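**Q** Here you go, one structure.
The values are calculated or read from the model by the stated rules, or taken from the named source; none is laboratory data. Keep in mind the model is a prediction, meaning the values are calculated, not measured. These accessible areas exclude ligands, DNA and RNA; they are computed on the full protein's heavy atoms, side chains included. Shrake-Rupley method; radii C 1.70, N 1.55, O 1.52, S 1.80 Å.
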Amino acid sequence: MNHEPPAPPVEFSIRRALDDLKEFSHREPAQAFAAAIGVGLLINLLPSRMVVGMAAIVGATLVRPVLLSLGVTKAMELCCQKSSNSSQP
């Protein structure tokens with residue numbers, strides 16, 4: 001049994017990241033401006049077909065190992081659960 005605290009919702013993580021970005025832009029406006037221009041140029045110069053294609057290739061490559069590891073984890077969980085239930089009177 002895990003006694004780890006539950007993970008915070010994704011909203012809090014996104015809000016914290018946005019707050020960090022705002023703080024950075026107030027602290028270092030020149031660097032934030034340069035980074036924004038660089039990201040904007042990168043997004044506009046790269047063809048969207050290439051970006052989507054790379055995301056699809058990476059996703060397809062990672063799907064099999066992730067699903068396999070999740071299946072093995074679930075099988076181990078079910079196996080351990082059955083063995084602990086059978087040992088109790």
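**Q** Given axes a ≥ b ≥ c from the Cα gyration tensor, I'd like to know whether the chain is rounded (a/c under 1.5), prolate (a/b larger than b/c) or oblate.
**A** oblate
**Q** Follow-up. Considering only protein heavy atoms and a 1.4 Å probe, what is the carbon-and-sulfur percentage of the accessible area of the chain? Let's see the in-between values first.
**A** Numbers: 5810 of 8410 Å².
Roughly 69 percent, rounded to a whole number.
**Q** On to the next question. Per residue, how much accessible area does the chain have with a 1.4 Å probe, in Å²?
**A** Working: 8410 Å² over 89 residues.
So the chain comes to 94 Å² accessible per residue, rounded to a whole number.
**Q** With helices defined as uninterrupted DSSP H runs, which ones in the chain have an alpha carbon span along their own long axis of at least 15 Å and mean Kyte-Doolittle hydropathy of at least 1.0?
**A** Span-like helices, by this rule, are 29-45.
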